[in-house]
Amino acid sequence: MRRLPFYYGYLIAAACFSIQAIGIGTYVSFGIFFKYLIAEFGWSRALLSGAHSLTLFVTGSLGIFVGRLNDRYGPRIVMAVTGFLFGLGLMLMSMLREAWHLYLFYGLIVGMGMSSVDVIALSTTARWFVRKRGLMTGIVKVGTGTGQLLVPIIASMLIVTYGWRKSYIVMGLAGMFLLMGVGQLLRRDPVLMGVLPDGDTKAEARGILSEEMGMGLKETVRTRSFWTICLTNLVVVSSLMVVMLHIVPHATDMGVPVMVAAGILSTIGGVSMVGRFVTGISIDFLGNRRSMIICFLLLISALLWLQVARELWMLYLFAAAYGLAHGGFFTVISPIVAEYFGVKSHGVLFGIAVFSGTIGGALGPILAGHIFDVTKSYSLAFWIITALAAIGLGLILSLGKPARP
């Protein structure tokens, strides 16, 4: 193996960090547009939540296909196509007139563009790092928190200055060129650059090249552990997406100004960066399962606090506790798949796990929006996602040891 002047994996991690920040940050900023769309079109929260959920569902559905393409052909072509679709869907939102436009432009086209953001970034990171996988995944997922911190604030400033339609044009153009450009820095596997994972230069340090390690798809789907991980991701993402979409409308219902409410969402993003980084370190020292248990305990505590939060400072305290858990969950899911089943088919396996989360993440916000439309309160919805978090804790406690050495 030839030695490069620097380990290219660190550039890979920086690129994946950027992809996460751009994609996820833009996605969660939809809550900032909520009240403006309601004011102009008079649509219900359930209808708007449905478009947001369709985006997540399309993202997860195509994630399996994108993971398969990444396993076989690498990430650059995939990122070029999906980055173009991502920006196109956002720019088309500036032409929004009918409800079906919302579902087509945002739900379908943006969803297709989002399909690579998690699968490509995290599967590629898992291949480039083994000993440092937890830490580097945590750093990459800090990108998500960075996006959640900055993009909602940028979106709210754009809306106030230019209106929501022109804001979507600006965000679409920026998202398209950034995702397409950054994606060209990626390489599927360190072997393509003549190195081993973590920058090792001796083959015996790893014993076997990274793309040959682990279980295949057919072997993995027969294991109980794999479906336990998928079901856990389903219930937890359902809980997380309800909060991310409805916390700003919930705060404004309490009389909080929209710019201040956007600050709650940004606080979640900022604190989640700490959660992602700390969880990444925790994974390398405590393991994935124990790290996920800690995240569940934090999430359940935060959701119980949300039920009694009646003042702004209480919402910000919720955002801090929830943000730690939120960041941790999205950091641990890729490494736990790699730990239990290796990286030979990590793209497609991680894609299936993401799709499982997508099902819950798509249905949860719609149910929460419908509950609000009927009861004029989020209380019941918040109790339901608290119960789902408790179920997720039970599932991860039941998870056995890795099915492979």
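Condition check ((1) under 13 Å from the mean Cα position of the chain (by Cα); (2) of a type outside the set (Val, Ile, Thr)) across all residues:
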position	(1), (2)
PHE17	yes, yes
ALA21	yes, yes
ILE24	yes, no
PHE30	no, yes
PHE33	no, yes
GLU40	no, yes
LEU48	no, yes
LEU54	no, yes
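Every residue, every condition in (1) among the small types (Gly, Ala, Ser); (2) under 27 Å from PHE65 (Cβ atoms); (3) in a helix (DSSP H, G or I); (4) in contact with a helix residue (DSSP H, G or I) (Cβ under 8 Å, 6 or more places away or on another chain), yes or no:
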| residue | (1), (2), (3), (4) |
| --- | --- |
| PHE318 | no, no, yes, yes |
| TYR322 | no, no, yes, yes |
| PRO335 | no, yes, yes, yes |
| LYS344 | no, yes, no, yes |
| PHE350 | no, yes, yes, yes |
| ALA353 | yes, yes, yes, yes |
| SER356 | yes, yes, yes, yes |
Can you tell me which condition GLY113 does not meet? The list is (1) surrounded by fewer than 20 Cβ atoms within 10 Å (Cβ to Cβ); (2) under 17 Å from the mean Cα position of the chain (by Cα); (3) among the small types (Gly, Ala, Ser), and all the others hold. (1)
Looking only at residues that are of a type in the set (S, T, N, Q) and buried (at least 18 other Cβ atoms within 10 Å of the Cβ) in region 348-385, which one is farthest from SER238 (Cα to Cα)? SER356
Among residues belonging to region 161-204 that are assigned to a helix (DSSP H, G or I) and of a type in the set (S, T, N, Q), point out the one that is modelled with the lowest pLDDT. THR161
Could you pull out the residue among ARG289, ARG276 that is closer than 27 Å to ALA353 by Cβ and more than 18 Å from the chain's Cα centre (by Cα)? ARG289
Positions within region 366-405 being within 24 Å of the chain's Cα centre (by Cα), at pLDDT 85 or above, part of a helix (DSSP H, G or I) and not aliphatic (A, V, I, L, M), in sequence order: HIS370, PHE382, TRP383, THR386, GLY392, GLY394
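The values are calculated or read from the model by the stated rules, or taken from the named source; none is laboratory data. Remember, it's a predicted structure, so these values are computed and weren't measured experimentally. No Cβ is skipped: glycine too gets one built from the backbone with ideal geometry, and neighbour counts run over all protein chains shown.
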